[in-house]
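These notes concern the structure reproduced below.
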Amino acid sequence: MPWKETGLPDDYLQNDQRRIALCDFVTRVCADAIRSKHMHQSLQGGGGWKAPKGGAFNINAPGQEILPRTSAVVVEDAIELRFTTVLPAAGRTILGAEAHRILAIQLVDLVERSLLHKNLNQSKLRAHVVSMERQSDLRAHVVSHGFLAFVANGSILPRASGSSAAPMEKAISFQSPLEMQVEFQLSDGSTIAGMAIPRGITLLTGGGFHGKSTLLKALEMGIYNHIPGDGRELVVTDPTAVKIRAEDGRRVMCTDISPFISNLPGGRQTAAFDTEDASGSTSMAANIQEALEAGCKTLLIDEDTSATNLLVRDERMRRLVYAEPIDPLISKAKALYREHAVSTIIVIGGLGDWLSVADNVLLMDEYVPRYATTRAHQVVKELHSTVLESAPYGTLPTRRMQLSLSGLRTPYAVRKQFIALKPEQQDVVQDPSQAEAGIDLSCVEQIVEIGQTRLLAALLGVVHRLTGTQRQVFHVFAISP
């Protein structure tokens with residue numbers, strides 16, 4: 001639709017942040033209209049080949065995050081709304097009346113509801129755009145002042161349930177400990193107070209179910225901007241932050257895990273490590289190295305989803321087991337920060353040795369953060385435990401990956417956490433264990449929508465189209481749109 005015909009204010013085109021927020025809002029309006037009008041439902045004609053089918057509208061429904069989208073885009077002097085619909089038919093017979101209803105009535109209504117400014121909730125649209133700008137502005141201030149993350153006072157961090165990203169009702173709002181409270185003045189003149197986490201090594205500790213992992217999860221999602229009312233609108237994190245975890249059984253290809261693992265039995269090399277079935281420790285070491293290779297400057301780690309033997313090795317085990325090929329992260333964390341400016345935020349509930357290397361300690365007490373750095377240092381002095389620091393950290397990978405896609409169809413996302421890589425010959429009987437061959441992203445916890453997975457699949461498809469066999473992946477990504 002031509003921009004002038006929408007009636008949308010021109011100031012929404014002022015910068016990229018406003019454009020992204022506008023397109024995100026338009027997509028949400030369209031998705032809500034499709035659901036509320038039941039336009040996502042196909043014709044109900046019973047079973048059988050000749051029964052009526054089709055008629056459903058579909059658009060990628062957004063979650064709690066405001067993301068750059070292709071479902072709505074501003075191009076030159078127009079705005080495009082992109083969705084799909086299935087034309088109705090019964091067998092090979094076109095259902096003309098239903099097609100008219102879909103194309104001449106429902107389609108027009110959907111476009112007018114979504115794109116005409118007079119039909120939109122204008123105050124909500126403005127709030128959506130303003131919120132997006134403020135979050136991006138806050139993140140820029142936090143990073144430029146040398147902090148890793150910021151949680152504004154009054155934020156709601158707990159989610160409704162494990163399957164819902166919506167905020168929990170009647171949850172305790174966040175309040176920064178005074179020792180870590182910082183105020184930022186944003187470009188719009190407003191001032192925001194909250195907890196700022198400095199660079200270095202920060203421990204989040206406390207009793208079980210007191211909010212440690214909830215805080216880390218909020219920081220993990222702080223790389224994104226959130227919709228108004230989410231509760232985490234003013235929770236921002238270094239945009240390079242990556243959640244790290246163990247991933248038993250994953251494939252590792254030509255990855256340098258030597259900073260953590262070396263001197264394996266049989267003389268197996270770890271500077272270019274390969275395996276089809278990684279253990280907890282090797283998978284976590286590979287995940288750390290891959291994140292650093294991609295430019296990560298903040299590691300986010302939860303003890304609950306980590307390989308304990310890669311996190312810590314206490315003095316008793318050092319005395320008992322001499323031939324240990326693993327240098328745990330606790331011995332590397334300070335060197336990693338000192339040599340490569342990579343910080344760590346880690347949830348610890350039972351590995352007290354980590355207090356010895358922590359620069360800052362936060363103790364969660366019934367979802368209330370307490371500054372516990374001074375007390376933690378006292379505990380370390382009272383209960384001495386030797387932590388062997390291993391320096392230097394070791395090498396950071398600088399690979400140029402080769403990805404073979406020969407003999408495969410173009411990769412595609414079948415769900416948010418899986419990219420299918422199926423053979424060209426679909427009629428060939430295959431081993432049932434290979435029926436869903438592909439890339440499992442279930443442990444990449446910062447993927448929030450299937451649209452992101454579709455983008456990853458599309459980028460892999462670029463590799464396939466450019467060469468048909470192999471190409472250096474980094475080079476392809478550098479030239480991909």
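Would you list, by chain and number, the lysines whose Cα falls below 21 Å from the Cα of LYS170, excluding same-chain residues fewer than 8 positions away?
Output for LYS170: LYS212, LYS217.
How would you rank THR282, THR240, going from fewest to most other Cβ atoms within 10 Å of each one's own Cβ? Show your work: numbers first, answer last.
On the way: THR282 26, THR240 16.
Lowest to highest Cβ neighbour count: THR240, THR282.
Please identify the trypsin sites (Lys or Arg not before Pro) of region 29-62 that satisfy two criteria: DSSP loop assignment and at most 15 other Cβ atoms within 10 Å. Which are they?
LYS37, LYS50
Give the relative contact order (percent, whole number) for region 113-232; include only Cα pairs under 8 Å separated by 6+ residues. Don't jump to the answer; show the numbers that get you there.
Numbers: 139 pairs, mean separation 34.1, N = 120.
Once normalised by length, the contact order is 28 percent.
Let me know the charge dipole size of region 257-391 about its Cα centre in debye, to the nearest 20, where only the beta-carbon of Lys, Arg (+1) and Asp, Glu (-1) is charged. Intermediate results must be reported in sequence, preceding the final value.
Working: 12 positive and 19 negative charges, 107 e Å.
Its charge dipole is roughly 520 debye.
Among CYS443, CYS254, which comes first, then next, by fewest other beta-carbon atoms within 10 Å? Please list the in-between numbers first.
Details: CYS443 18, CYS254 13.
Starting with the residue having the fewest Cβ neighbours, the order is CYS254, CYS443.
Only sites in a loop by DSSP and with at most 15 other Cβ atoms within 10 Å count here; which GluC sites (Glu not before Pro) in region 137-214 make the cut?
Values: sites: GLU169, GLU179, GLU183; in loops: GLU169.
Taking region 137-214 and a limit of 15 other Cβ atoms within 10 Å, the loop GluC sites (Glu not before Pro) found are GLU169.
Taking chymotrypsin sites (Phe, Trp or Tyr not before Pro) as exposed when DSSP calls them loop (any state but H, G, I, E, B) and at most 10 other Cβ atoms lie within 10 Å, what is the longest stretch of the chain free of them, the sites themselves excluded? Walk me through the numbers before you get to the answer.
On the way: sites that count: TRP49, TYR322.
After excluding every exposed loop site, the longest remaining stretch is 50-321.
Taking R0 as 41 Å, what's the FRET efficiency between VAL379 and ARG82 from their Cβ-Cβ distance, rounded to 0.05?
Numbers: r = 57 Å, r/R0 = 1.39.
E between VAL379 and ARG82, to the nearest 0.05, is 0.10.
Considering only DSSP beta bridges with both partners in region 199-399, what is the antiparallel share in %, to the nearest 5? Numbers along the way, then the final one.
Details: 7 of 24 bridges.
Restricted to region 199-399, the bridges split so that about 30 percent are antiparallel.
Could you tell me the relative contact order of the chain? Use alpha-carbon pairs under 8 Å, at least six residues apart, and round to a whole percent. Can you show the working numbers first?
On the way: 878 pairs, mean separation 58.0, N = 481.
Reported as a whole number, the value is 12 percent.
Specify the inter-centroid distance of region 234-276 and region 43-88, based on alpha-carbon positions, in whole Å.
When both Cα centres are located, 39 Å separates them.
May I ask you to list the lysines whose Cα is less than 24 Å away from that of LYS381, ignoring any residue fewer than eight positions away on the same chain?
LYS332, LYS334
Would you mind counting up the charge near PRO198? Only other residues with Cβ under 12 Å from its Cβ, with Lys and Arg at +1 and Asp and Glu at -1.
Values: positive: ARG199; negative: GLU179, ASP238, ASP359.
After counting each charged neighbour, the total is -2.
Give me the net charge for the shell around ASP238: Cβ to Cβ below 15 angstrom, other residues only, Lys and Arg +1, Asp and Glu -1. Walk me through the intermediate numbers first.
Values: positive: ARG139, ARG199, LYS243, LYS297; negative: GLU220.
That sum, taken over residues with Cβ under 15 Å, equals +3.
Among the DSSP beta bridges whose two residues both lie in the chain, what percent are antiparallel, rounded to the nearest 5?
70 percent
For region 1-72, what is the charge dipole size about the Cα centre, in debye to the nearest 20, if Lys and Arg each add +1 at the Cβ and Asp and Glu each add -1 at the Cβ? Please list the in-between numbers first.
Working: 9 positive and 7 negative charges, 95 e Å.
Charge dipole, region 1-72, about its Cα centre: 460 debye, nearest 20.
Assuming R0 = 35 Å, what is the FRET efficiency of THR410 and HIS340, from their Cβ-Cβ distance, to the nearest 0.05?
Numbers: r = 37 Å, r/R0 = 1.05.
Working from the Cβ atoms, E equals 0.40.
If the chain were replaced by its equivalent ellipsoid, with semi-axes equal to the square roots of 5 times the Cα gyration tensor eigenvalues, what would those be, largest first, whole Å? Write down the numbers at each step before the final one.
Numbers: eigenvalues 384, 198, 76 Å².
Semi-axis lengths for the chain are 44, 31, 20 Å.
Let's test the formula: R0 of 22 Å, r as the Cβ-Cβ distance of SER173 and GLN122. What FRET efficiency results, to the nearest 0.05?
Working: r = 29 Å, r/R0 = 1.31.
Approximately 0.15, to the nearest 0.05.
Quick note: the coordinates plus some simple rules give every number you see, no bench work behind them. Predicted model only: the values in this text are computed from it and were never measured. Glycine gets a Cβ as well: all are built from the backbone with ideal geometry, and neighbour counts include every protein chain shown.
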